[in-house]
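Quick notes on the structure that follows.
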Amino acid sequence: MGNYFGTDGVRGVANTELTPELAFKLGRMGGYVLTKDTEKPRVVIGRDTRISGEMLESALVAGLLSIGAEVMRLGVISTPGVAFLTKALSANAGVMISASHNPVPDNGIKFFGPDGFKLLDKQEEEIERLLDSEDELPRPTGGALGIITDYFEGGQKYLQYLKQTVQEDFSGIHIALDCAHGAASSLAPHLFADLEADISTMGTSPNGININEQCGSTHPEALSAFVLEKGAQIGLAFDGDADRLIAVDENGDIVDGDKIMFICAKYMKEQGWLNHGTVVSTVMSNLGFYKGLEELGIETKQTAVGDRYVMEEMRKGGYNIGGEQSGHIIFLDHITTGDGLLSALQLVNIMKVTNKPLSKLAADMETFPQKLVNVRVTDKHAVTENAKVSAVIAEVESEMNGEGRVLVRPSGTEPLVRVMIEAKTTELCDQYVDKIAEVVKEEMGLNE
């Protein structure tokens with residue numbers, strides 16, 4: 001990626017790396033690239049609940065107004081909500097201010113085109129060129145300046161659309177919701193209450209600094225305990241911008257993105273809805289996921305880690321379901337990005353239609369032992385060329401003798417190297433991941 005854009009927009013620590021000054025330039029340059037062929041373009045903006053959101057929104061809006069754009073502020077809303085409304089409102093572009101599942105000091109800015117899809121590489125490259133060059137963009141004056149309107153009811157328009165994607169109401173199902181004190185905090189309870197589910201909620205009291213804090217899709221163990229406490233039939237955990245879903249069954253066991261995709265793909269195939277009999281996933285998906293789908297006669301396509309790569313493969317091949325083990329799942333028949341609320345609706349709908357508990361649906365896929373360790377490093381990209389890291393990976397792969405796999409890669413959004421092992425036993429996973437992670441730390445780890 002370039003100097004600014006990573007795998008999911010521009011991210012950094014708010015007010016040091018992602019500054020108001022940079023946000024202003026992103027609004028100005030990004031808005032220009034996406035709307036330069038339109039007179040009085042319309043741009044919609046949403047944000048999650050983190051404290052830096054209003055600061056960055058104000059700067060971003062100023063940049064957009066300076067090129068003459070009409071800005072529609074959506075307020076706190078999910079990332080897929082922005083993607084949907086960009087297209088539904090015939091806007092020229094959409095912008096979401098969020099760092100998704102990252103902790104509160106971080107924030108991010110991601111753009112959507114008029115079709116509701118994230119930007120193409122060439123569009124991001126054009127924005128980056130403008131960011132690094134002398135600002136010679138047009139500066140309208142007087143009545144040609146942009147204006148602001150608020151469209152906070154956009155969230156309800158988005159929820160109304162989501163409800164149309166399922167055929168059943170959810171009466172008789174007790175659902176526990178963990179909204180990560182993020183964008184789903186008001187959206188998810190309304191959505192499932194409207195569908196007549198019995199709901200219990202946690203993580204629905206955002207204060208600007210508690211987003212993703214020991215809750216949500218990155219900490220599903222909190223929801224596991226909550227499901228058992230409340231006697232719920234299913235738990236649904238979202239991340240800060242609600243584009244991910246991790247579920248919990250009635251026994252408190254975690255059902256990750258692989259199992260959710262497996263359950264949904266199996267049901268879609270049975271209904272004749274699975275395009276080309278294929279699911280798209282990343283290299284992080286569990287071996288059991290591939291084995292289970294193969295037994296069902298479902299083909300798979302693998303991509304690099306990152307929902308943008310999953311989406312590229314889906315659009316290229318005409319596939320309609322894909323995603324990541326982390327819970328970022330794309331249902332392309334319905335929306336143009338990963339959507340935790342949409343994924344949750346599809347999963348609960350399958351429970352309702354089949355009259356099966358989530359534990360039984362998830363049991364159809366065997367999970368191979370897997371362990372993932374994140375190592376904070378000085379230069380995450382150096383891991384791909386480090387001789388000692390390559391040597392220890394080769395050594396572990398030799399010991400596995402084809403009965404497992406190793407994946408060592410730089411994070412797309414954080415200064416981390418991710419070390420993932422799948423092996424025959426949990427003990428071997430622990431042994432191998434510790435062995436590789438130690439070498440990564442020695443070679444490029446941060447001094448504690």
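Couple of notes before you dig in:
- Accessible area expressed per residue, segment 279-335, with surrounding protein chains retained (probe 1.4 Å, Å²): 36 Å²
- On the principal axes of its alpha-carbon atoms, segment 220-372 has extents of 45, 31, 31 Å, going from largest to smallest.
- Given R0 = 22 Å, the distance between the Cβ atoms of Trp273 and Gln164 translates into a calculated FRET efficiency of 0.90.
- The residues neighbouring Arg73, those whose beta-carbon lies less than 13 Å from its own, together hold a net charge of -3 under the Lys/Arg +1, Asp/Glu -1 convention.
- Geometric extent, Cα atoms of the chain - Rg, Dmax (angstrom): 21.9, 71
- Reachable lysines from Lys40, criterion Cα separation under 23 angstrom, eight or more residues apart if same chain: Lys25, Lys87, Lys110, Lys118
- Distances between every pair of Cα atoms in segment 311-448, grouped in 10 Å steps from 0 to the bin holding the largest one, split as 11, 29, 28, 24, 8, 0 percent.
- Simple rule: put +1 on each Lys or Arg Cβ and -1 on each Asp or Glu Cβ in segment 257-379, find the dipole, and look at Ile260, Thr300, Ile330; the Cα lying farthest toward the positive end is Ile260.
- Cβ-defined net charge surrounding Gly172, 13 Å radius [Lys, Arg +1; Asp, Glu -1]: -3
- Evaluated at q = 0.16 Å⁻¹: base-10 log I(q)/I(0), Debye formula over Cα of segment 183-304: -0.88
- Cα pair distances of segment 169-237 binned at 10 Å [whole percent]: 24, 53, 22, 1
- The convex hull of the Cα atoms of segment 409-448, projected and averaged over all directions, covers 3.3 nm².
- What a 1.4 Å probe finds exposed on the chain is 47% carbon and sulfur by accessible area, rounded to a whole percent.
- Mean residue ellipticity (222 nm) of the chain, computed from DSSP H runs ≥ 4 via -39,500 (n - 2.57), nearest 500: -11000 deg cm²/dmol
- Estimated at the nearest 10 Å², the accessible area of His276 is 130 Å² with a 1.4 Å probe.
- In the chain, a dipole from Cβ-located charges (positive for Lys and Arg, negative for Asp and Glu) runs towards its positive end, and of Ile45, Phe368, Val406 it is Ile45 whose Cα lies farthest in that direction.
- Hits among lysines - C-alpha to C-alpha of Lys230 under 22 Å, sequence gap 8 or more where chains match: Lys352, Lys356, Lys360
- Size of charge dipole - the chain - debye, nearest 20, with Cβ of Lys, Arg +1 and Asp, Glu -1, no other charges: 880 debye
- Here each label is just a point 7 Å from Cα along the line to Cβ, and for Asn15 and Ser58 those points are 1.1 nm apart.
- Neighbour net charge for Leu407 - beta-carbon separation under 15 angstrom, K R +1, D E -1: +2
The values are calculated or read from the model by the stated rules, or taken from the named source; none is laboratory data. What you see is a predicted model, and the numbers here were worked out from it, not measured in a lab. No Cβ is skipped: glycine too gets one built from the backbone with ideal geometry, and neighbour counts run over all protein chains shown. Remember, those area values only see protein heavy atoms, side chains included, never the ligands or the DNA or RNA. Shrake-Rupley method; radii C 1.70, N 1.55, O 1.52, S 1.80 Å.
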